[in-house]
Amino acid sequence: MNERISVRRAVYEENDRRAEILHDGFRAMNVFAVNVLGGPGAGKTSTLKQIISRLSADSVSVIEGDIASDIDTKALKDLGIDAFQIETGGDCHLNAPMIEAIVAQMTLKKNGWLFIENIGNLVCPAEFVIGEDIKIVVSSTAEGSDKPYKYPIVFRKAAAVILTKKDIAPYVGFDMDYFERGIRSLNPDAPVFPVNALTGEGFDSVVAWLSALRR
Amino acid sequence: MHEASVTEALVAIAVEEAVSRGASKVNKISLVVGETTGYMAESLDFYFRAFTKGTILEGAKLEVAYVKAKIKCPACGLEFERKMFSFDCPSCGAQGVMTKIGNEFYIDTIDIEREGT
């Protein structure tokens, strides 16, 4: 005889539970964790380099997520940044168990920062919390101004949007008003920071905003 | 790949529930999926059949109830479903704000059979 049982359990519950434990661990050391999301080529690593160069280098740890390859980690290490690599071997997002495993090999910086660069993907990384205090989205003008309309979840969950490649906006037909309106609908309070990650233009505001969040 | 890891998680939850309730067979899993999660029923079903092989869920049906995302107009209060590439209110034209409706992703019910019933 068929019997219907009520379950009502969120599919993400195990990941969320482990992320909460990670977050407690970060908080106990007063480490502020930032989950950096964005599509491939948006400028996530370049953005991190600009942000970290404005913080004291010995206060920062970085976890780099990639499907395969450690070029980004090498580039950060060359700058003297304490960077660790997760290769997901095909998985399209980072999850809490992956962060647990890598954090076990790291010495986090007390009162410092932990930046976690997620896999280049605007879809699934948005769904998995990994112990972060905030998510930020890196989106480039070259990707187009319709991104908030096409990938609503990631923009909805972001505490801020870093808009990279601002210098080429006129050449790729980027419509700032349309982009910002999309973000306002999803996330009325998130600031949008137009930046140029090659020159560093705009990053002083990003770092001032990040630092203010900690106070 | 997108649906693979979440399907694995949902299978783990469903197996745990079925076993703890003393099920001998599982007929159906009812899943609620919000539009903004971007999960496709076909893909969920594909991975579901792969991950349930050899478990108590093998052969069970995966039923997906989709929930359309709702946007609320802050000016006139209308709740509406979005058109492609716009969040504007279809009634007054003001800029709508996304609500939580459409973010769901949970197992609602499981249909089971028990030995001897």
**Item:** Lys/Arg +1, Asp/Glu -1 at C-beta; chain B dipole; positive extreme among B:Phe80, B:Ser30, B:Val11
**Value:** B:Phe80
**Reach of A:Lys74 by Cα under 16 Å, taken over lysines that are not fewer than 8 positions away in the same chain** = A:Lys44, A:Lys49
**Asked** Roughly what would the spin-label model give for B:Lys53 and A:Lys77, points 7 Å off Cα along C-beta, in nm?
**Response** 3.8
**Complete:** Treating only Lys and Arg (+1) and Asp and Glu (-1) as charged, each at its beta carbon, one finds that the stretch B:4-111 has a dipole about its Cα centre, in Debye to the nearest 20, of 120
**Item:** Residue-span extension gain [A:Ile67 to A:Ala208] - 0.36 nm each, minus C-alpha spacing
**Value:** 47.6 nm
**Asked** Within 10 Å of each Cβ of A:92-100, how many other protein chain Cβ atoms are there on average?
**Response** 1
**Item:** the stretch B:25-75, dipole about Cα centre (Lys/Arg Cβ +1, Asp/Glu Cβ -1), debye to the nearest 20
**Value:** 160
**Asked** Once you charge only the Cβ atoms, +1 for Lys and Arg and -1 for Asp and Glu, what is the size of the charge dipole of the protein assembly as shown about its Cα centre, to the nearest 20 debye?
**Response** 660
**Message:** Filter A:Lys150/B:Lys70; A:Lys147/B:Lys83; A:Lys77/A:Lys110; A:Lys135/A:Lys165; A:Lys110/B:Lys100 down to the pairs with a C-alpha to C-alpha distance above 24 Å, please.
**Reply:** A:Lys110/B:Lys100
**Asked** Given N residues in the stretch A:13-214, what is Rg(Cα) / (2.2 N^0.38 Å)?
**Response** 0.96
**Asked** For the stretch A:73-78, what does the Karplus curve 6.51 cos²θ - 1.76 cosθ + 1.60, with θ = phi - 60°, yield as ³J(HN,Hα) per residue in whole Hz, taken in order and with x for Gly and Pro?
**Response** 4, 4, 4, 6, 4, 4
**Prompt:** What FRET efficiency would be calculated for the residue pair A:Thr199, A:Glu13, taking the C-beta separation as r and a Förster radius of 51 Å, to the nearest 0.05?
**Reply:** 0.70
**Item:** Cβ crowding within 10 Å averaged over residues, with A:172-178, B:11-17 ranked highest first
**Value:** B:11-17, A:172-178
**Asked** What angle, in degrees between 0 and 90 and rounded to the nearest 10, separates the Cα long axis of helix B:41-51 from the longest principal axis of the Cα atoms of chain B?
**Response** 20
**Prompt:** Going by how many other Cβ atoms sit within 10 Å of their own, how do B:Cys89, B:Cys76, A:Cys124 line up, fewest first?
**Reply:** B:Cys76, B:Cys89, A:Cys124
**Request:** Nearest 5 is fine: what % of DSSP beta bridges in the stretch A:13-214 come out antiparallel, could you say?
**Result:** 5
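Just so you know, all these numbers are worked out from the coordinates, no wet-lab data involved. Every value quoted in this text rests on a predicted model; they were computed, and no experiment measured them. Positions of Cβ are generated from backbone atoms using ideal geometry, with glycine treated the same way; all protein chains shown enter the neighbour counts.
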